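Take a look at the structure set out below.
The values are calculated or read from the model by the stated rules, or taken from the named source; none is laboratory data. Values in this document were obtained by computation on a predicted structure and should not be read as measured data. Neighbour counts run over all protein chains shown; Cβ positions are idealised from the backbone, glycine included. Surface areas here come from the heavy atoms of the whole protein model, side chains and all, with no ligands, DNA or RNA. Shrake-Rupley method; radii C 1.70, N 1.55, O 1.52, S 1.80 Å.
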Amino acid sequence: MRVSSQDVTVVALLADPDAPTEIAQRMARILPDRLAGRSGQERRFGVEVVSEPFTAGTEDLSTLTRRIMDRRSAGHWDVVVALTDLPLHSHGRKLMLDLSHEHGLALLSLPTLGGFRLQTRARQAVEEAVLSLAGPAAPGAEGPPGSQPLRGPFTCRLAPVHPGQVGEEEIADLRYVVTGPRGYLRVLLGMVRANRPWRLVPGLSKALAAALATGAVATVNSTIWNLATSLSTPRLVIATVGSVALMIGWLIVDADLWHRTDEVSPEARKRTHLYNTSTVVTVGIGVVVCYAGLVVINLVWALFILNDRLFASTTRTPLHATQYWTLAWFVASVATVGGALGSGLESDEAIRAAAYSKREQERRSLLLDDGD
């Protein structure tokens, strides 16, 4: 690796737009000091953030690394670490990190870092990659770049990361992949986090309006009162699960969120299963949040509107806290079914935008165009 003439190692964080750029910008504030402190030889680092859709139109590792290499040459940086929120695959494994010491570049797939402590884990991974790519801090340091395994998150007991196979035609000379059930779960959580399922709530404005209207009418319906007071807890749980499942299924089918592939290879089937599982979990979290909100709103509405004497005369049950809670719970299930019908008023594009990250939207749009 070369060092700039001013003895400052210039590091570029090449990040996909949206979440990767936000992560890169936050870590860039503290990365120079942390790198200088860890290098231990009075070495200085400069960090630049470049937001650019370098993964647009492809998931091929060779293509991506060549794009990064070309971008590094154009930018005259010492080290480039590229961050994407797309899940990448290599020889049937889920790629975490690719490094090319010859060309001074690294590619980090953020979903493999999991759904928790993402900022910290991403910073640790970038630090290890930069220190490895920058080479020995001083003459006489032991070993050439890349001769020692990376540390930090790669040796953590809860991080199932191992060296991976690198093809002869590829630029990378060191690769880390995640394996096993824990690795699968970690990638899945990372994909769900990248999709930001909480954005689904405002993205379903018409469905929520339909659910709130259904809930408001159901709360003052005497038939609903009688049903709610007669239902046992297991039946209420079944109603909850059924209504939530209906909403999830309807959103996925109506907005065509289900991923399909014409490929028959085991690797393609695994990828398809991963994408579809992340879709179900993402939409599921959004629907559950909506359901919990409906319970609270229906409870407040019931406290405001219900007359205890009329309720007692109709149901032959005193209107106490238990009845308020049971009614709000049951009405939320009824309202969720109404919301599922109302979700048909949403555009498919609006639901996809709410359910997927920017990179995942572009990836699926490209697949649809190829299919057409």
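Condition test on Pro17, is it in contact (Cβ under 8 Å) with a residue 40 or more places away in the chain, in contact with a strand residue (DSSP E or B) (Cβ under 6 Å, 6 or more places away or on another chain) and open to solvent by 10 Å² or more (accessible area, probe 1.4 Å)? The answer is yes for Pro17.
The single condition among (1) in contact (Cβ under 8 Å) with a residue 40 or more places away in the chain; (2) more than 19 Å from the chain's Cα centre (by Cα) that Pro53 does not meet is (2). With respect to Thr277, is the statement that it is more than 16 Å from the chain's Cα centre (by Cα) and open to solvent by 30 Å² or more (accessible area, probe 1.4 Å) true? Against the criterion (more than 16 Å from the chain's Cα centre (by Cα) and open to solvent by 30 Å² or more (accessible area, probe 1.4 Å)), Thr277 does not qualify.
Taking every residue in the range 200-218 that is among the basic types (Lys, Arg) and pairing it with any residue that is open to solvent by 40 Å² or more (accessible area, probe 1.4 Å), at least 6 positions away or on another chain, the pairs with Cβ-Cβ distances below 8 Å are Lys206/Leu345.
Out of Leu61, Leu95, Leu35, one residue alone is touching a Leu at 6+ places or on another chain (Cβ under 6 Å), in contact (Cβ under 8 Å) with a residue 40 or more places away in the chain and surrounded by 21 or more Cβ atoms within 10 Å (Cβ to Cβ). It is Leu95. Screening Val187 on (1) modelled with pLDDT under 85; (2) in a helix (DSSP H, G or I) shows it passes everything except condition (1). Taken over the range 233-259, the criterion of being of a type outside the set (A, V, I, L, M), open to solvent by 60 Å² or more (accessible area, probe 1.4 Å) and in contact (Cβ under 8 Å) with a residue 40 or more places away in the chain is satisfied by Trp250, Asp256.
Of the helices (runs of 4 or more DSSP H) entirely within the range 280-372, those holding at least 2 residues that are at pLDDT 85 or above and aromatic (Phe, Trp, Tyr) occupy 321-342.
Which one of these is assigned to a helix (DSSP H, G or I), aromatic (Phe, Trp, Tyr) and within 26 Å of the chain's Cα centre (by Cα): Trp198, Trp225, Trp258?
Selected residue: Trp198, the only one of Trp198, Trp225, Trp258 that is assigned to a helix (DSSP H, G or I), aromatic (Phe, Trp, Tyr) and within 26 Å of the chain's Cα centre (by Cα).
Does the range 201-221 hold any residues that are part of a helix (DSSP H, G or I) and among the hydrophobic types (A, V, I, L, M, F, W, C), and which are they? Val201, Ala207, Leu208, Ala209, Ala210, Ala211, Leu212, Ala213, Ala216, Val217, Ala218, listed by residue number.
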